[in-house]
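Notes for the one structure printed next.
The values are calculated or read from the model by the stated rules, or taken from the named source; none is laboratory data. Remember, it's a predicted structure, so these values are computed and weren't measured experimentally. Methodologically, a virtual Cβ is constructed for each residue, glycine included, from the backbone with ideal geometry; neighbour enumeration extends over all protein chains shown. Each accessible area value is taken on the protein alone, full model and side chains, heavy atoms only, with ligands, DNA and RNA left out. Shrake-Rupley method; radii C 1.70, N 1.55, O 1.52, S 1.80 Å.
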Amino acid sequence: MASLAGAALASCSILLLLLVPCAQGQGQSPEAPEEAWAEGQPPEASEDALTMLLSEGGCGAFAGLVAATAGVGDAFREHIGSDLGLTILCPDDEAVGTFIPRFHSLNVDEQVAVLLYHGLTMAYSEELLSWVHWEELTLDGVQMLTMRHHSGRVIVSSSRSEARITKTVVDDDHLAVYLIDAVLIPADPKRQISFWGVLALIVFLLVLVVVGVVAS
């Protein structure tokens, strides 16, 4: 009975997440969500539904940060409604609780970057994660995460952090949510040297070599 109740609750959460918010005009048909699915347009996820889904999955603290940080929730919901969907790597409450003091020491842009770093621009199913080893662009549009396997677990890592996937919260066509045991930290953009910066440095060094040869 407990397993049936849990399955029913999860199904209701997914349905609630994927429902289009109620139409504000009186003329809109109540069948709009079903029509949207029929036309291949995934319904929009509401803010409250996403927060509830993450909270019930064991990462309520992370959901709170997403809801409180301007633009992050909108980015998540926009990708849920895209053709490829969204994967959220959701740190559990213990991991976020440990990270909170550091999070509040960041500026607004850095906070947004950390939260978006936990989103992947495609809904990766549990089956796909079970055999794929690859680097994936995160929702911030700049940085990558590496996926690999170790001792039967999927390990997610960056140059500054590493986390294990401990639980599948949602595995849906447009949304996949996985609980992880640590907060993922993106690389500090201030410490990254761009391609053009490296190229300029190489050219500068070559010029110095040529000048030195000519002078000798």
message: Rounded to the nearest 10 Å², what accessible area does S55 have for a 1.4 Å probe in the complete protein model?
response: 50
- prompt: Which residues does a label at S82 reach in region 155-176, if reach means a backbone N under 15 Å from a point 7 Å past the Cα toward the Cβ?
  reply: 174-176
message: Taking the full set of protein chains and a 1.4 angstrom probe, give the accessible area of S161 in square angstrom, rounded to the nearest 10.
response: 20
field: Average Cα contact separation per residue, region 47-204, under 8 Å, 6 or more apart, as relative contact order %
entry: 23
